[in-house]
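Inspection log for the structure reproduced underneath, given as structure tokens.
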Amino acid sequence: MKKSLVLSLFVVHALNASGVDLGQISVEDSHTKETIKDVASEDIKSADLGEALMKNSASVAIVRRSAISNDIIVRGQKKDNINVTIDGAKVCGACPNRMDPPISHILTNNVESIDIKEGPFDMSEFGALSAGVTIYTKEPQKGFGGEIDVNYGSFNFQKGALSLYGGNDFIKVLLSASKEKGEQYKDGNGDTLAQQLANIVTGTPSAGTIYQPKYADMDAFEKDTLMLKVLITPSQNQELKLSYTANRSTNILYPSSPMDADYDDSDIYNMEYAIKNLGDFSQKLTLQIYKSQVDHPMSNQYRQGALKMGVMKHWLTTEMTGVKIKNSFEVANTTFTIGLDYSKRNWDGSYYMNNMPFAKQLKSINDVDTQNYGVFLQANKTIGDWVLDGGIRYDSTEITHGGVEIDREYDTILASLMATYNLTDNSKIFAGVGKSARVPDGRELYFYAKEGVLNGNPNLEETINYEIDLGFKSSFEDGFLQAKLFYSQLENFIAYNATSTTFENVDASLYGIELSGSYFLSESLFVDFGLAYQKGEKDTPLIGQTDVDLPEIVPLKLNATINYAPSQSLTFKAQLIAASAWEDFDSDNGEQYIPEYGIINLKATKRFDNGLEVTLGVDNVLDKAYAVSNTYKDLTLITGGGDAMLLNEQGRYGYVNVKYKF
């Protein structure tokens, strides 16, 4: 069997500088962007896109909060420091406690590809500080066909998905729907989510957060989705895309928090019109209009405290509306893209007791609007063995409060330049410098606790990232090797101060190294790996504190995979995910020591000529008890008389997926 056949079965290189391998995918890299393809076909174990990325990328971690809907960390940063878009539409979660992060509003079965853009090198998006994650959903096709997926896994995980497509040269339609649910998983110690909580808080002042006996064994989540896409091509140079995505999640348990999500509903509406070859100064003109909205009530109705004190509910909504116009053209052998970018986010939240508003109708987030106007220019030029990519962006942002707090305005000029030099046809070096920024969000500026105390800081400045990236990549007959270094100087980093229970600005530095590679041992066997390490420190401690460690800096992490394809229809995969102990942590703000871990995942797939495909897999084969994320107090977490509750990952998890394409 030729190597080209094996390449069609497996990824031959991991994500550039992040070691991503999502099974049968291909990856395209430009040093600042990694494109992961065919996600829907390969990430079949879970709908949780964050977990899929963490499992397969050395430089992506998750903040484990529940069995699903987990947040991601890229290069030691999370939340608004990462910009997430779905088909170009910016989506924000409504929960200030990150129960519904942006990446949770799309499921793996609807994802075609993902771009991970590390660093400050994408000028087309507002607010991408450390990275941008751009998710592209599946597209409709000509003809008629579809796919049926049925998945069953440990802890009674059940999933069914159906997609249908049809159309001709003028119009194409795709309809996709899925339904899934799962019981509480057990960790390597055999404890469910409810039992992990009880082990921590029994006999402590936090005992009221234990689940009531009648809810102690309830399911961990239920999730339904629907996606409709219409592609209209009125002529060869015109294209209109219309899409609607609905996500309905019910009763998602968050055992390490005092509340669970009653439900989490999101709707994403998107329209994109593109026209090509309008003239010498318009190779492609694109207009996009989108709207996303999230409805998220959370409460303690399943906890013991609700029996004595009543049901506390925190109900939040958010809505994002955006318009973007981009025009690409070529002048003097240089490709330019110029664009205008507008977005407006509204965020609102209120407290309720037994379904009645708090006294004076106390709002946690009072009708906060974040309105941004941006203009950007990006350019690409090749000069001999050099490739230059650069850009500049100007943003004007106004954040207004619906109550008595002061409004804020931010104006910023950003820029970046990446230079690549081709040493040979197979080897290159690259270096880049850039400046990116993100403004504080409504929670960081204006959040009120249920006691009526302002926990936000209306005086926060925006965070500026000055970054340098260096690296090389060398490809050879049987594989490739790549290394990448980065250093970030963070001006006015927004950090949580647990001593004063508010946010403050502090200057900080962050640096890291990322290695990735792949090597063919034979025509049917190859290995790939990704290794990532970051280190971050504040220049000075926060007010009233002594620790200078930056939070959320994941320790040294390794992803290594052995891939074996004895035939085109049969593939095997054995994966090791390991991390060193979490010894550098922000102890003043709730983080704690976490031991090292190493787990093994196995997967086998058989494809039949009739369109049937069967996959068997086992994750955490040795049933290890381990944790991957720390307990930074920017989230409201339960304590048991000492450290905050650390939520363990799943124990041994077996699954089978049956897919039929027609």
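A few notes on this one:
- Each of Y660 and K360 was given a label point 7 Å from its Cα along the Cα-to-Cβ line. The distance between the two points is 6.3 nm.
- When the charge dipole of segment 3-661 is built from unit charges on Cβ atoms (+1 for Lys and Arg, -1 for Asp and Glu) and taken about the Cα centre, the candidate among I148, Y136, A216 whose Cα reaches farthest toward its positive end is I148.
- Taken over the Cα atoms of the chain, the convex hull encloses 145 Å³ per residue.
- Local net charge near S69, Cβ-Cβ under 11 Å (Lys/Arg +1, Asp/Glu -1): -1
- Protection proxy ranking, peptides 415-428, 110-123, average beta carbon neighbours within 10 Å, highest first: 110-123, 415-428
- Which of Q568, Y655, L637, positive extreme of dipole for segment 524-662 (C-beta unit charges): Q568
- Rounded D (µm²/s) - segment 278-321, Kirkwood Rh over Cα pairs, Stokes-Einstein at 4 °C, 1.567 mPa s: 88 µm²/s
- Pairs of Cα atoms nearer than 8 Å and 6+ residues apart set the relative contact order; for segment 567-662 it is 27 percent.
- Here's the picture: charge each Lys and Arg Cβ at +1 and each Asp and Glu Cβ at -1 in segment 247-389, and of Y290, Y269, T317 the one pushed furthest to the positive end of that dipole is T317.
- Charge dipole (Cα centre; +1 on Lys/Arg Cβ, -1 on Asp/Glu Cβ; no other charges) of the chain amounts to roughly 1580 debye.
- Over segment 256-351, all Cα pairs binned in 10 Å intervals from 0 give whole-percent P(r) values of 14, 28, 19, 16, 12, 8, 3, 0, listed from short to long.
- Here the sum of -39500 (n - 2.57) over DSSP H runs of 4 or more residues, divided by the residues of the chain, equals -1500 deg cm²/dmol at 222 nm, to the nearest 500.
- Counting charges near A578 (Lys, Arg +1; Asp, Glu -1) among other residues having Cβ under 11 Å from its Cβ returns a value of +1.
- For segment 458-500, the dipole from Cβ point charges (+1 on Lys and Arg, -1 on Asp and Glu) about the Cα centre works out to 100 debye, to the nearest 20.
- For segment 3-661: relative contact order, % (alpha-carbon pairs under 8 angstrom, 6 or more apart): 13 percent
- Taking a point 7 Å out from the Cα of Y421 in the direction of its Cβ, the residues of segment 383-397 whose backbone N falls within less than 18 Å of it are 383-390.
- Contact order for segment 97-247, expressed relative to its length and based on alpha carbon pairs under 8 Å spaced 6+ residues apart, stands at 18 percent.
- Protection-proxy order for peptides 66-72, 580-586, 250-256, each taking the mean of Cβ atoms within 10 Å per residue, highest first: 66-72, 250-256, 580-586
Every read-out reported here was derived from the displayed coordinates using simple, explicitly stated rules and does not represent laboratory data. Predicted, not measured: the structure shown is a model, and the values here were computed from it. So basically every Cβ, Gly included, is an ideal-geometry build from the backbone, and we count neighbours across all protein chains shown.
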